[in-house]
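Quick notes on the structure that follows.
Where a number appears in this text, it was derived from the coordinates with a stated rule and is not lab data. Note that this is a predicted model, so its numbers are computed, not measured. With ideal geometry, Cβ positions are generated from the backbone for all residues, glycine too; neighbour counts draw on all protein chains shown.
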Amino acid sequence: MSKIRFAVIGAGHIGKRHAEMVVRNGESELVAMSDVRSKEECGVTYDIPFFQDPAEMLQKVECDVVCVCTPNGLHAEHALLALSAKRHVVIEKPMALNKVDCEKIIYTSLNVHKQVFCVMQNRYSPPSEWIKGVLQSGLLGRIFMVNIDCFWNRDDRYYKKSSWKGTTDLDGGTLFTQFSHFIDIMYWLFGDIKNIHARFEDFKHAKTTNFEDSGMVNFEFVNGGFGSFNFSTAVNRTNFESSLTIVAEKGTVKLGGQYMNEVTYCDIENYTMPVLAEANPANDYGDYKGSAANHVYIIENVIDTIRGRTNITTNALEGLKVVDIIERMYDAAPRITKQVVSAESNA
């Protein structure tokens, strides 16, 4: 069986993570990479063709799948470029920075009969898989309240090293870049939201970002129950927690830890908590850390889906819904907007 050929657009931290996972998998091969910077500037050491123009890469290199790992504001442009070349696409979070662009991606993918995989790797963490099963089985009964807290650190160590992070057009905001994974978990577990009320503030990033660093969002779930999503990147020095608390008819559960990677409380009627597999560590980028290092499962899912063995973990419609929810959260209150970062399109 021939290997599935991957090309990667964007050779930053995440692009190189995708490349590494492709190289590690015995059923796939890395055939090319692209970035606006040179191969040497990106620190890419693979013996493969490297391009500074993704369109040229797609014209000259035969591949089956393109991983889009560029700045958020370029995801739609590069996904549409790859789909127009009739390649399957893997899009890093978020799918795009607005619902309209997500719809264009879905429309194009349907026209060319190619798959769109949206990267939401936190679904693979053992606590996430466990609570999904608990909810599907109805063990908790009716959901009363859900609270999500995401309190991380992002400071000069993070923003000063990049020309695009913190910008309105390429980054988009804290909910898009830092916490869209947890918006996805919320949607995956509880469905859509309505009656949104919000407040945003910028406490510590006046000189590093064009938008808020903190927010409090309250809403109702369409399926029933109250919800809140509280977030901040103003935490001093290091990430504090990412937690999910569920108050329900038949029990109370909390997933906690820095990356929602632990079950810290479980009290469910007539239920014994099983021993879960240990979660993978967070993606480590030196001065800061991100969500769980589960990209290996993303590439496996792409290969298994193309081979016809399974279904997409996070499909394009789910990717669109995450963007739609974030847009509606931001529309629920005035955002903190300013111009302190120059936008450049480096990966």
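Remarks
- Among Ala82, Ala277, Ala11: highest mean-square fluctuation, GNM of the chain, C-alpha pairs under 10 Å: Ala277
- Relative to the longest principal axis of the Cα atoms of the chain, helix 99-112 runs at roughly 50 degrees.
- With a Förster radius of 30 Å applied to the C-beta separation of Lys132 and Thr238, the computed FRET efficiency comes to 0.60.
- If you count Lys pairs in the stretch 4-121 whose Cα atoms are under 24 Å apart, skipping same-chain pairs closer than 8 places in sequence, the total is 16.
- The stretch 258-331 and the stretch 90-112: distance between their alpha carbon centers, rounded to Å: 20
- Signed unit charges on C-beta, dipole axis of the stretch 4-121, positive-most listed residue Asn98, Val36, Pro49: Asn98
- Sites listed here are trypsin sites (Lys or Arg not before Pro) in the stretch 170-277 whose DSSP assignment is loop and whose Cβ has at most 12 other Cβ atoms within 10 Å: Lys207, Arg237.
- Ordering Ser214, Ser228 from the fewest to the most neighbouring beta carbons within 10 Å gives Ser228, Ser214.
- Long-range tail of P(r) for the chain (Cα pairs > 32 Å, %): 29
- In the stretch 136-234, GluC sites (Glu not before Pro) in a DSSP loop with at most 10 other beta-carbon atoms within 10 Å: none
- Asp184 sits among other residues whose Cβ lies under 10 Å from its own Cβ, and their net charge, with Lys and Arg +1 and Asp and Glu -1, is +2.
- Helix 126-137 and the longest principal axis of the Cα set of the chain meet at an angle near 60°.
- Net charge of the neighbourhood of Phe6, taken over other residues with C-beta under 12 Å away and scored Lys/Arg +1, Asp/Glu -1, is -1.
- For the stretch 1-154, size of Cβ-based charge dipole, Lys and Arg +1, Asp and Glu -1, in debye: 460
- All Cα pairs of the stretch 4-121, percent lying beyond 17 Å: 50
- J(HN,Hα) series, the stretch 69-80, from Karplus relation 6.51 cos²θ - 1.76 cosθ + 1.60, nearest Hz, glycine and proline x: 10, 8, x, 3, x, 9, 4, 5, 4, 6, 5, 5
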